[in-house]
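Just below is one structure, and these are the notes that go with it.
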Amino acid sequence: MFRFEDNEPDFLIVYTGNEHAEPEDYIHFVKHWVSKLEQGIPFGVILVSEPHPDHEHTEEHRQDEAEITRIINDFRRDYRDRTSQLNTGFVRIFTPEMVQEYMPTQELWDQGREANNRFAQYNWGIPGEGFTNLDDARNWLRGQKHGAGAAPEAVTSKPSAERVGLYYGSSTGITEYIAEEVQEAWEKAGMKPIEAVNITDVSDISVLLDYDCLILGIPTWNIGQLQDDWEIVFPQLDQLDFTGKKVAIFGIGDMRGYPDNFLDAVGILGKKLIERHAQLVGYWYDEHYKFRESLGFVDSKFMGLGIDDTNQSKLNSQRIDGWVAQLINEFALQPTAVS
């Protein structure tokens, strides 16, 4: 059970306890956070992660994880403008034992800290960090400037002259991070810059029809489900006609944790787009994938680029660069600048 210390004006400190978190813990977490936001005073959030026994990936546990993600996403949608203005940062504190077990090398420790930063930036528009003690966390948060993030403006439409659109949905920030990597690889290849846009910031889904070519990013969530931002807009796709549009998909999955549902969301979205008359391009496969079943796997290829950031993050850059080069060819575009 989570324990809270919110008596200090500069901090909200949350101790996770030595058992696995349950949805009720995050409901209380959000209530404390909102209550402190209502005071209108800048503060930092510190999550003290305490060791707990390993948990088997049972159906009940997976359902709890999905519900916790829903709670975090609802909080993000309702309060991101407030958190980006009033919160100085989000810090996770790990015990030395946890660091030794899960992040024993400097490289793994740095990756963990960067992952926490992406998570905080995506959800709350604030910087994130990782430490092993409270004093360092407090000092770091005091050094941050509040309001560093900014609430995204709703996207309505793009000029029709912009030929390529890049949109993604992301629950933890991983897909957002990959979308930015795709954007960077696109520009590195000498193409006209494109902007990665979160699909949840789109007020009118018909904006997708403003482009000749689309790159769409989607993670597979829970057991073969759509990520929740895409799940919200998915029914609206039935109102759109993608005739004449070329669409490429990249997906995020976990081969080891979900070998029977790897990249299912890519298949769900890809099938819908084909039904709506899109020309799907960017089919992809290499010899490093190991999974049992996938709705996104058709005729010995995935219906888009497959990324496993959990188990194969070292292959990300190679895969993204190769896929982007493939897209430029399949989109029938020419570089506008020398890379």
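Normalising the average separation of contacting C-alpha pairs (under 8 angstrom, six or more residues apart) by the number of residues puts the relative contact order of segment 1-52 at 49 percent. Both the radius of gyration and Dmax for the chain are 20.7, 60 Å, in that order, over alpha-carbon atoms. Temperature 25 °C, viscosity 0.890 mPa s: under these conditions the Stokes-Einstein estimate for segment 179-307, based on its Kirkwood radius over C-alpha pairs, is 163 µm² per second. Rg over Rh for segment 3-142 works out to 0.95, both radii taken from alpha-carbon positions and Rh defined as the Kirkwood radius. Remark: relative contact order (the chain) = 12 percent; criterion is Cα-Cα distance under 8 angstrom and separation of 6 or more residues. Using Cα pairs closer than 8 Å and at least 6 residues apart in sequence, work out the relative contact order for segment 164-330, in percent. Over segment 164-330, the number comes to 22 percent. In plain terms, the residue of I199, I274, I68 with the fewest other Cβ atoms within 10 Å comes first and the most crowded comes last, giving I274, I68, I199.
Here's how it looks for E50: its modeled amide H is under 5 Å from those of T16, G17, which are all 5 or more places away or on a different chain.
Close amide-amide hydrogen proximity is noted between V247 and L214, Q279, L280, V281, each under 5 Å apart and 5 or more residues distant or on a separate chain (H modeled in the peptide plane; Pro and chain starts excluded). Straightening the chain between Q111 and E60 buys 15.4 nm, computed as 0.36 nm per residue apart minus the Cα-Cα spacing. Using the Stokes-Einstein relation with a Kirkwood hydrodynamic radius computed over Cα pairs, the translational diffusion coefficient of segment 194-269 at 4 °C and a viscosity of 1.567 mPa s comes to 97 µm²/s. With the helix formula -39500 (n - 2.57) applied to DSSP H stretches of n ≥ 4, the chain reaches a computed 222 nm mean residue ellipticity of -12000 deg cm²/dmol.
With a Förster radius of 30 Å applied to the C-beta separation of Y102 and E293, the computed FRET efficiency comes to 0.55. Between helix 316-330 and the chain there is an angle of about 30 degrees, using the helix long axis and the longest principal axis of the Cα atoms. Kirkwood analysis of segment 243-339, using all unique Cα-Cα pairs, places the hydrodynamic radius at 14.0 Å. Extending 7 Å from Cα along the Cβ direction at V34 and again at N18 yields two label points whose distance is 3.3 nm.
Read the figures in this text as sums done on the coordinates, not as results from a lab. Nothing here was measured: the structure is a model prediction, and the numbers come from that model. Counting neighbours? That spans all protein chains shown, and the Cβs are built from the backbone with ideal geometry, glycine included.
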